[in-house]
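To start, the structure under review is shown below, and the notes come after it.
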Amino acid sequence: MDPEEQAPIPPDPADWRPQKVHSGRYVPEIINPILEPLWTGTRVIVLYRDAEKDDEWGTVEVRDEFGDDAIDEAAPAFDQLRRSVLASEAVLDGVISIQATGGGEGTSAVMFGKTQPVKRLFIGGPGSDIQYEPRSKPRTGDPAFVALDLLRLDGQTLFDVPLMERKRLLDGLVEQSELVRVSPWVRPPVRSWFATWRAAGFRGVMMKSANSRYTPGATTTEWAVVERMPR
């Protein structure tokens, strides 16, 4: 399909699917990139709605990339999430992953940095205060929900809002806990962070343009998976 002829975006967020990422040996040039660890797990779209009564928690609906209900893949995490969103309504792109809580080969526990990523951008820090907890013995962690992006907030869609602004909003939206995380992100240099995250158990990095927009279900060339650094 021609990129200019993308299918219309469904009005119901329950019909949205995660934006697809360019993959392959050729990595497109990403303008003004930010980097995230490449999480392993199930990509999902999460719809949160606040409860009508003040003494009740909100509700969540979870759909995977095929549109199937995925809430049972991480029921404790989504039970925590419905207590953790600071909005009346929100739609998030994220991943269900044991990498946030597990340890051993291929996994890593990502600990909270002292400085929030968006503040790091303005104070000029490289993100070096993000800490990892390597584990010598493999163990199975509970699946966690790791939020990657924010697509709608209180009835307003954010598709045309630059990624950096969506990240800023997401950072203040979710109260993080053991089972509910917001993915860390950093600025280049790419090579040093690639090595750090590979050593921590991730299979690569996700490179995204700071100004990139979001189209549910479409494939973007403004994001790219980097599993191997070029020589």
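Each reported figure results from applying straightforward, stated rules to the coordinates on display, with no laboratory input. All values derive from a computational prediction rather than experimental measurement. In this analysis, Cβ positions are derived from the backbone assuming ideal geometry, glycine residues included, and neighbour counts consider all displayed protein chains.
Shown for Met207, Met164: other C-beta atoms within 10 Å of each C-beta, ranked fewest to most, produce the order Met164, Met207. Put in line by how crowded their Cβ is, counting other Cβ atoms within 10 Å and starting with the fewest, Glu178, Glu52 read Glu52, Glu178. Among the chymotrypsin sites (Phe, Trp or Tyr not before Pro) in region 33-89, those placed in a DSSP loop whose Cβ has at most 12 other Cβ atoms within 10 Å are Phe66. Its Cα centre serving as origin, region 145-229 has a Cβ charge dipole (Lys and Arg +1, Asp and Glu -1) of approximately 400 debye.
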